Amino acid sequence: MLLTALCLTFIVFWLTNLYPKLEVLAKTQGNFRMSDEAVVSFLDNRGYTQSLPIKYGQWLGVLPGYVIDGSDGEIRAKCEGNSVPTDSTPRFCGIIQGNWGFSTVAKENVSDVLPTR
């Protein structure tokens, strides 16, 4: 049963992390008139260009989250929260730790959105 759940979540994770979906995400979060280089830079600065197994492991919480010094001068960490400074973020944050992530559509934490949906 656990293996089935891991396989299903990996398939859904893979489908949501296909490049065309990530390109749409970058353009909706940034600017619809972004150049291809700006899209790649946006995705790079936010950890979306990491390999799929690494991103999946970070999403699960079995691999440490990234800390990226972006080309725009900002330091971003996967495990940073709204009230936690980037330099003191936890190393692991994922589904196993109870962190469901942040909804880019609803602009709030997924754990807050799920009960209302």
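Which one of these is closer than 19 Å to Leu6 by Cα, in contact with a helix residue (DSSP H, G or I) (Cβ under 8 Å, 6 or more places away or on another chain), without any contact (Cβ under 8 Å) to a residue 60 or more places away in the chain and among the basic types (Lys, Arg): Lys78, Lys55?
Answer to the selection: Lys55.
Yes or no: Val67 touching a Lys or Arg at 6+ places or on another chain (Cβ under 8 Å), at pLDDT 80 or above and surrounded by 12 or more Cβ atoms within 10 Å (Cβ to Cβ)? For Val67, the condition - touching a Lys or Arg at 6+ places or on another chain (Cβ under 8 Å), at pLDDT 80 or above and surrounded by 12 or more Cβ atoms within 10 Å (Cβ to Cβ) - is met. Restricting Thr9, Thr89, Thr16, Thr104 to residues that are touching an Asp or Glu at 6+ places or on another chain (Cβ under 6 Å) and of a type in the set (Ser, Thr, Tyr) narrows the list to Thr89. For the range 75-100, a residue qualifies if it is assigned to a loop (DSSP other than H, G, I, E, B), exposed (fewer than 11 other Cβ atoms within 10 Å of the Cβ) and at pLDDT below 80, and the qualifying residues are Asn82, Ser83, Pro85. If you go through the range 30-52 and pick out every residue that is within 16 Å of Gly94 (Cβ to Cβ) and either in a helix (DSSP H, G or I) or among the charged types (D, E, K, R) (or both), you end up with 1. Out of Lys55, Lys27, report the one residue that is of a type in the set (Lys, Arg), part of a helix (DSSP H, G or I) and farther than 20 Å from Thr89 by Cβ. Result of the check over Lys55, Lys27: Lys27.
The values are calculated or read from the model by the stated rules, or taken from the named source; none is laboratory data. All figures in this text were calculated on a predicted structure; none of them were measured in a lab. Please note: Cβ atoms are built from the backbone with ideal geometry, for glycine as well, and neighbour counts cover all protein chains shown.
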